[in-house]
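Contents: one structure, followed by commentary.
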Amino acid sequence: MAFQPKTLDYEISPYTGMTRESWIEAAEYLLTGIFRTIKSEEAPVIVPRHESRITYPHWNADEETLDIEKRAEIFEGLARSFLIAAPLIYNKPEVKICGYSMREYYKKQILYSCTKEHPLYVGDYETLQEITGHRDPFRTFQQTVETSALVIGLWTTKAQIWDTYTKEEKDRIALLLKSYAHANTVPQNWRLFNMLDMAFLHMEGYDIEEDIMLDHAQTILNYYAGNGWYRDGHCFDYYSCWAFNVYAPLWNLWYGYEHMPEIARKFEENSNELMKTYGDFFDSDGFTNMWGRSCVYRNAATSAFEGNFFLRNPQVDPGLARRISSGSLLQFLTREDFLKDGIPTMGFYGTFSPLIQGYSCAESAFWMGKAFLCLHLPEDHPFWRAKENNGTWEKLEKGEIKETVLEGPALCFTNHKDSGETILRTGKVLKNKGDIHGMWNYSKLCFNTKYPWEASPNTGGGAAEHIEAQQYVLLNETDGSIQKANVTFWCGHKEGVLYRRQFFDYNIRDEAMWIQGINLADFPVANGIFRVDRPKLFRRPVVFTLGAYGFPDNGTEVIRKSCGKAQAIILKGRDFTGRERQMAMTIYNGWKELKCVYSQGTNPDSEHSIIVYGETRFEKQYGGYEPALLISQVLTKEDHKDFLQEELFPVASISYEDQKKTGGYGAVTLSMKNGVKKRIDFEGIEGSLVL
């Protein structure tokens, strides 16, 4: 059954009705699902598993790997569920779920996980190295991640759990924490886990290696790219928000302000910089966009708001922060498909294997518990007392769009008043050739809060590999090979137009600049994004396709319209929850046909889906001069009111600056029927490619 809050107050929370008590009810709701599966107080948090081919423990692992993975799953279930339970215990120390005292259960299970003689011992770093035979002295283990969740929970329940341990019991837990705090780690967001472990230990009177702490802290700062965002590995994603901008503020509070004030000051500045624009990353309902890896963590993306409140001088708007946090919580908990056997699915809404990573287990989704850090804030805190507001959405008028451009992390997002959707366009994306999951997570041309990304369509008779939602795909007719854009360069934003470049089957070992690519230029319109893109082709003939968003197909009306040579397909239907949906794709110059493909099992919102896509063919093998601009748009609505003719076909005229007027070279100006003019000029972007 979907979550239904009992305590609502629409005076203080006019958008969601959610109060502090509502959040406590949500924590109890999630924990009830977990503890219905727990057989006794001695049993660990191991929940029903519905996927076994991708997630760990891996079915084909060798004996020693399986041993390590089973230990990791025990720790992950314990520590991540504790992220939800700890704030509840903090507020209701005597709370029982399914007959279990939460305080006593976690107090006992934490000790078990840290006791070498116990069957539920998760293993310190040295023990796991022994199991592997010390073959890799730099190997890291999943337990490092979970130690940080554990110390957050122990800090939250200091009076209720940590301070009730004996000195020997505390030392036993500290020994495990110290093992991972000072051990090898992954050189990206994982450094924060070590930092938080050391900060907790120091706070509780244990010795730590301060030089290691300094190395981690200054390196984390070096990952900062600007605008509040940190680069994590090659990419930018929500780890910047649920790791860097949550752990760093806690580290400040526990250690940094006192012992490394200059680094702490910079972490605070960076968090406050994020807060200037992060509210606009969510849509008018507070929905979180499905973007980047680890999407099973869902509304953990809102934990950056709570993180800001742990700073000395937080700058986030508390009424907006609570509105978004509550809106995103309801985005997931109020859906009937969110839980399976009482446990969050391995998906975004229902079970959805295309987004699952191999480093996840059935308990991984409990990282969403970070959002419940808000319950550590007292009842009289502004987060709970301020009246909900909807920020930008309250200020926009009908037909208006707000566009935010962040050059540092190469993110451009637009808030569309008419649809209430937020659309994200990204750059600085580098994925290995063949990493189709990475391309789905990062390389979509647009990520829409109401249209989560769709995997490669499955027609029932096999995958339609030459079609992708919100991605260009190139089919080489000479050898039948299919190439997909795995690299996106950011080229800047000028005169209201975002410029990017993508390459197909980019391989850094090759002379990459000579492979097929496409220059991208796009700009927002009231209900969507308009595209004027120019392929850079050197091997032809090829077929190009471009898909719209995946559309949930629960009974869809398909309508075709045309205006001169322009074509449009409109889809009208409903999503899984019954909300009305409408989408239109229009094609202009360069495209030959507009088609639909029907798919199954590739959409996070619905079992069945439709992708509208444009298709065209470039016939000449080398050189030649032919129309080379691909002009299209995708529009969406949250109702079934018909699109106006001028919305479906908004272009009044297209003016080319080259003599042949075919779009093969030079700038082009689009005169829109609403009086807006957009000049698209790719000249000079070669010198501004940024990755």
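Could you please find all residues in the stretch 417-438 being aliphatic (A, V, I, L, M) and surrounded by 24 or more Cβ atoms within 10 Å (Cβ to Cβ)? If you could, list the steps in order and put the result at the bottom.
As a first pass, look at the stretch 417-438 and keep what is aliphatic (A, V, I, L, M): 423-424, 429-430, 436.
Result: I423, V429.
Looking at the stretch 621-628, is at least one residue touching a Ser or Thr at 6+ places or on another chain (Cβ under 7 Å), of a type outside the set (S, T, Y), modelled with pLDDT of 90 or more and surrounded by 14 or more Cβ atoms within 10 Å (Cβ to Cβ)? Looking through the stretch 621-628, none of the residues is touching a Ser or Thr at 6+ places or on another chain (Cβ under 7 Å), of a type outside the set (S, T, Y), modelled with pLDDT of 90 or more and surrounded by 14 or more Cβ atoms within 10 Å (Cβ to Cβ).
Would you mind stating whether T147 is under 30 Å from W254 (Cβ atoms), under 29 Å from the mean Cα position of the chain (by Cα) and of a type in the set (V, I, T)? First the steps, then the outcome.
Numbers: under 30 Å from W254 (Cβ atoms): yes; under 29 Å from the mean Cα position of the chain (by Cα): yes; of a type in the set (V, I, T): yes.
Taking the combined requirement at face value, the residue satisfies it.
Restricted to the stretch 187-238, and to residues there that are at pLDDT below 95 and within 19 Å of V145 (Cα to Cα), the residue that is surrounded by the fewest Cβ atoms within 10 Å (Cβ to Cβ) is P187.
If the condition is being surrounded by fewer than 20 Cβ atoms within 10 Å (Cβ to Cβ), under 14 Å from I68 (Cβ atoms) and of a type in the set (S, T, Y), then the stretch 126-167 contributes T127, T132, T140.
Yes or no: the stretch 50-66 includes at least one residue that is surrounded by fewer than 16 Cβ atoms within 10 Å (Cβ to Cβ), part of a loop (DSSP other than H, G, I, E, B), more than 25 Å from the chain's Cα centre (by Cα) and among the hydrophobic types (A, V, I, L, M, F, W, C). Yes, the stretch 50-66 contains a residue that is surrounded by fewer than 16 Cβ atoms within 10 Å (Cβ to Cβ), part of a loop (DSSP other than H, G, I, E, B), more than 25 Å from the chain's Cα centre (by Cα) and among the hydrophobic types (A, V, I, L, M, F, W, C).
Of all residues in the stretch 412-470, those satisfying the criterion of being farther than 30 Å from K641 by Cβ, hydroxyl-bearing (S, T, Y) and in contact (Cβ under 8 Å) with a residue 60 or more places away in the chain are T426, Y442, S456, T459.
If we keep just the residues of the stretch 304-333 that are among the aliphatic types (A, V, I, L, M) and not in a loop (DSSP other than H, G, I, E, B), which is surrounded by the fewest Cβ atoms within 10 Å (Cβ to Cβ)?
Within the stretch 304-333, the subset among the aliphatic types (A, V, I, L, M) is 304, 311, 316, 320-321, 324, 329-330, 333.
Those still in the list that are not in a loop (DSSP other than H, G, I, E, B) too: 304, 320-321, 324, 329-330, 333.
Values: A304: 28, L320: 24, A321: 27, I324: 31, L329: 26, L330: 23, L333: 20.
Among those that are among the aliphatic types (A, V, I, L, M) and not in a loop (DSSP other than H, G, I, E, B), it is L333.
Based on what the data block shows, is A199 assigned by TED's automatic domain parsing to the domain that holds A248, in contact with a helix residue (DSSP H, G or I) (Cβ under 7 Å, 6 or more places away or on another chain), over 24 Å from I110 (Cβ atoms) and not aromatic (F, W, Y)? No, not satisfied.
If the requirement is being surrounded by fewer than 17 Cβ atoms within 10 Å (Cβ to Cβ), in contact with a helix residue (DSSP H, G or I) (Cβ under 7 Å, 6 or more places away or on another chain) and touching a residue at least 24 places away in the same chain (Cβ under 8 Å), which of these qualifies: E407, E336, E363, E379? Sole residue among the options that is surrounded by fewer than 17 Cβ atoms within 10 Å (Cβ to Cβ), in contact with a helix residue (DSSP H, G or I) (Cβ under 7 Å, 6 or more places away or on another chain) and touching a residue at least 24 places away in the same chain (Cβ under 8 Å): E379.
Y121 satisfies every condition listed in (1) touching a residue at least 24 places away in the same chain (Cβ under 8 Å); (2) outside any loop (DSSP other than H, G, I, E, B) except (2). Is it the case, given these coordinates, that R509 is basic (K, R) and closer than 30 Å to V405 by Cβ? Here the answer is no, as R509 does not meet what is asked.
Among the residues of the stretch 274-281, none qualifies, meaning not one is crowded, with 24+ Cβ neighbours inside 10 Å and polar (S, T, N, Q).
Within the bounds of the stretch 161-184, is there any residue that is in contact with a strand residue (DSSP E or B) (Cβ under 6 Å, 6 or more places away or on another chain) and part of a loop (DSSP other than H, G, I, E, B)?
Kept after step one, since they are in contact with a strand residue (DSSP E or B) (Cβ under 6 Å, 6 or more places away or on another chain), are these residues of the stretch 161-184: none.
Within the stretch 161-184, none of the residues are in contact with a strand residue (DSSP E or B) (Cβ under 6 Å, 6 or more places away or on another chain) and part of a loop (DSSP other than H, G, I, E, B).
Beta carbons closer than 8 Å, at least 6 apart along the sequence or on distinct chains, pair a first residue in the stretch 210-231 that is under 22 Å from G292 (Cβ atoms) with a second that is of a type in the set (D, E) and assigned to a helix (DSSP H, G or I) for G226/E273; N227/E273; G228/E273.
When residues of the stretch 488-498 are filtered for being assigned to a strand (DSSP E or B), over 30 Å from Y598 (Cβ atoms) and either among the aliphatic types (A, V, I, L, M) or in contact (Cβ under 8 Å) with a residue 24 or more places away in the chain (or both), how many remain? Even if it seems obvious, please write down each step before you answer.
Taking the stretch 488-498 as the starting set, the residues that turn out to be assigned to a strand (DSSP E or B) are 488-494, 497-498.
Checking which are over 30 Å from Y598 (Cβ atoms) leaves us with 489-494, 497-498.
Of the ones still in play, those that are also either among the aliphatic types (A, V, I, L, M) or in contact (Cβ under 8 Å) with a residue 24 or more places away in the chain (or both) are 489-493, 497-498.
Matching residues across the stretch 488-498 total 7.
The values are calculated or read from the model by the stated rules, or taken from the named source; none is laboratory data. This one's a predicted model, so the numbers in the text were calculated from it and none came from an experiment. Ideal geometry is used to build each Cβ from the backbone, glycine not excepted, and the neighbour counts take in all protein chains shown.
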